[in-house]
Amino acid sequence: MTTQRIRALALCVFHHDGKILVNEAYDPVKQQTFFRPIGGGIEFGETSAQAVAREVQEELGLPITDVRLLGTLESLFTYAGTPGHEIVQVYDATFVEASVYELPHLNAQESNGAAFIAKWHSCASFTNESPLVPDGLYELLKKVSLLD
């Protein structure tokens, strides 16, 4: 039996032309698609800003700059039938390579080796049936004017 714990995460919202870069994922139990920005767990001894830069480098192989904290969210959720609890530091940043913003998608890789594709999505992509996660992220991005 695994011990339940609160997980500390750092996510990065890259925005361009009214769209943000997200990973599309699927919950097989809920039979629901959802979207989440690039990022992941904060390791012991690293700041959340360092974690977001490391995660982007690991997942996309790209350096970032102008890292700026947008806010903190607390997320209680269930994924694949398992409850989760996360404290999420949400960042904005800029890719060093400006050409990245012209790509329709970016090939990416999770730390476990699983490949995924990150795509640019407008706010119209996020619905109750296919939400942007974690909870509260959509509202935070509208508040700081990163989504229309």
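No lab work stands behind these numbers, since they all come straight from the coordinates. It should be emphasised that the depicted structure is a prediction, and the values quoted were computed from it without experimental measurement. Counting neighbours? That spans all protein chains shown, and the Cβs are built from the backbone with ideal geometry, glycine included.
For every residue, the table says whether it meets (1) more than 25 Å from residue 78 (Cβ to Cβ); (2) of a type in the set (D, E, K, R).
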{"position": "13", "(1), (2)": "no, no"}
{"position": "18", "(1), (2)": "yes, no"}
{"position": "44", "(1), (2)": "yes, no"}
{"position": "59", "(1), (2)": "no, yes"}
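Looking at the structure I just gave you, is residue 91 assigned to a helix (DSSP H, G or I), in contact (Cβ under 8 Å) with a residue 60 or more places away in the chain, under 23 Å from residue 148 (Cα atoms) and hydroxyl-bearing (Ser, Thr, Tyr)?
Values: assigned to a helix (DSSP H, G or I): no; in contact (Cβ under 8 Å) with a residue 60 or more places away in the chain: yes; under 23 Å from residue 148 (Cα atoms): yes; hydroxyl-bearing (Ser, Thr, Tyr): yes.
Criteria not met by residue 91.
Can you pull out the residues in region 127-141 that are exposed (fewer than 15 other Cβ atoms within 10 Å of the Cβ) and either touching a Gly at 6+ places or on another chain (Cβ under 7 Å) or of a type outside the set (Asp, Glu) (or both)?
Residues satisfying the conditions are 127, 128, 130.
Does residue 71 satisfy the condition of being of a type outside the set (Lys, Arg), more than 21 Å from residue 143 (Cα to Cα) and either surrounded by 11 or more Cβ atoms within 10 Å (Cβ to Cβ) or touching a Ser or Thr at 6+ places or on another chain (Cβ under 9 Å) (or both)?
When the stated conditions are applied, residue 71 does not pass them.
List, please: which pairs have Cβ atoms under 6 Å, are six or more places apart or on different chains, and start with a residue in region 1-25 that is in contact (Cβ under 8 Å) with a residue 60 or more places away in the chain and end with one that is assigned to a strand (DSSP E or B) and of a type in the set (Asp, Glu)?
As it stands, the answer is 7/86; 9/86; 13/92, since those pairs meet every condition given.
Criterion first (of a type in the set (A, V, I, L, M, F, W, C), surrounded by 20 or more Cβ atoms within 10 Å (Cβ to Cβ) and within 19 Å of residue 133 (Cα to Cα)) does residue 29 satisfy it?
Details: of a type in the set (A, V, I, L, M, F, W, C): yes; surrounded by 20 or more Cβ atoms within 10 Å (Cβ to Cβ): no; within 19 Å of residue 133 (Cα to Cα): yes.
So residue 29 fails the test.
Give all pairs with beta carbons closer than 6 Å in which a residue from region 98-126 that is surrounded by 10 or more Cβ atoms within 10 Å (Cβ to Cβ) meets a residue that is part of a loop (DSSP other than H, G, I, E, B); count only pairs at least 6 apart in sequence or on separate chains.
Close Cβ pairs (under 6 Å, with a partner that is part of a loop (DSSP other than H, G, I, E, B)) amount to 122/18; 123/147; 123/148.
For the list (1) in contact (Cβ under 8 Å) with a residue 24 or more places away in the chain; (2) surrounded by fewer than 19 Cβ atoms within 10 Å (Cβ to Cβ), I need the number of the one condition that residue 47 fails.
Only one criterion is unmet by residue 47, namely (1).
Please go through region 50-60 and pick out each residue that is closer than 13 Å to residue 89 by Cα and surrounded by fewer than 17 Cβ atoms within 10 Å (Cβ to Cβ).
50
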